[in-house]
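Read the structure below first, then the notes.
Only the coordinates and a few stated rules stand behind these numbers; no lab work does. Everything numeric here is computed off the predicted structure, so don't read it as measured data. Neighbour counts are summed over all protein chains in view; Cβ atoms, including those assigned to glycine, are modelled from backbone coordinates with ideal geometry.
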Ligand SMILES: [Cu+2]
Ligand SMILES: [Zn+2]
């Protein structure tokens, strides 16, 4: 009788874990933003796949009010004080820098972050051309916040200025 009770408890635990995983909506990735270029910017970014697009959600603080360039960069290395080690925009399709909603763009080109008067940004966007893993995968790369707005046209990076925060993207 005792053995039977333990078996039932074990089966329930497995069902509970399965239910928990599905309610979280499948695999995702996160990046913790670290300040760079002498800034005090911090925050977190979450990535998940939704209907063939990549959903990007972020909560960022310590910004100057207004728009800030926001991109997935090629290298998962934020170690330099100016985040130059993150290299350029992630560009799996070999295209020019551009507007996130257009066809001629780097995969890593995201809509600008918009900070309020308190320097805080709450962000949610869905973009094509990126995924969690595979040829267009962002895991193991980095996400960078810039001092200035991305103008969505200047080459090679939208003239968005210094890199004020950087985070390496990791599967969670
Ligand atoms: Cu960038
Ligand atoms: Zn770009």
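Of all residue pairs spaced 6 or more apart or on separate chains, none has beta-carbon atoms under 8 Å together with a first member in segment 65-80 that is without any contact (Cβ under 8 Å) to a residue 60 or more places away in the chain and closer than 18 Å to residue 99 by Cβ and a second member that is part of a loop (DSSP other than H, G, I, E, B) and more than 16 Å from ligand 2 (Cβ to nearest atom). Residues in segment 159-172 that are assigned to a loop (DSSP other than H, G, I, E, B) and either touching a strand residue (DSSP E or B) at 6+ places or on another chain (Cβ under 9 Å) or closer than 13 Å to residue 113 by Cα (or both): 160, 161, 162, 169, 172. Of all residues in segment 51-78, those satisfying the criterion of being assigned to a strand (DSSP E or B), away from ligand 2 (no atom under 16 Å from the Cβ) and over 16 Å from residue 134 (Cβ atoms) are 55, 57, 58, 59, 60, 61, 66.
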